[in-house]
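The structure appears right after this line, and notes come after that.
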Amino acid sequence: MQVANISQFRKNIKSYIENVADNHDPLIINGNGKTVVVISLEDYNSLDETAYLTSTDANKSRLDSAIESFKNNNGIERQLIES
């Protein structure tokens, strides 16, 4: 994880953003008593999807059960039907 202050970020904005996007390396920016985290859109979308999928107890339980089945080799392999 990278850490920069606002001045450092301004001077090197292109390289910071490229590193965040290319390496999935979050950037913490400190300044004026405030702190923000910069992450790639891909990483944000992943976090958002995880939050959505675990937003209800029923869905979280179903996902946990599926993960346990997978870990115990109790999963069922199926062919995808293409339309």
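Nothing in this text is a laboratory measurement; each read-out follows from the coordinates by a stated rule. What you are looking at is a predicted structure, and each value in this text was computed from that prediction instead of being measured. Glycine gets a Cβ as well: all are built from the backbone with ideal geometry, and neighbour counts include every protein chain shown.
Can you name the residue in region 1-25 that is among the acidic types (Asp, Glu) and out of contact with any helix residue (DSSP H, G or I) (no Cβ under 6 Å at 6 or more places or on another chain) and is also farthest from Val38 (Cα to Cα) among such residues?
Narrowing region 1-25 to residues among the acidic types (Asp, Glu): 18, 22, 25.
Narrowing further to those that are out of contact with any helix residue (DSSP H, G or I) (no Cβ under 6 Å at 6 or more places or on another chain): 18, 22.
Values: Glu18: 11, Asp22: 13 Å.
Going through the qualifying residues, I end up with Asp22.
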Please verify whether region 6-17 includes one or more residues that are of a type in the set (A, V, I, L, M, F, W, C) and part of a loop (DSSP other than H, G, I, E, B). no
For region 27-74, give me the residue count where each residue is in contact with a helix residue (DSSP H, G or I) (Cβ under 9 Å, 6 or more places away or on another chain) and touching a residue at least 24 places away in the same chain (Cβ under 8 Å). 5
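Does Val20 satisfy the condition of being part of a helix (DSSP H, G or I) and surrounded by 10 or more Cβ atoms within 10 Å (Cβ to Cβ)? Walk me through how you get there before you give the answer.
Details: part of a helix (DSSP H, G or I): yes; surrounded by 10 or more Cβ atoms within 10 Å (Cβ to Cβ): yes.
So Val20 fits the description; yes.
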Spot the failing condition for Phe9; the list is (1) touching a His at 6+ places or on another chain (Cβ under 8 Å); (2) surrounded by 13 or more Cβ atoms within 10 Å (Cβ to Cβ), and only one is missed. (1)
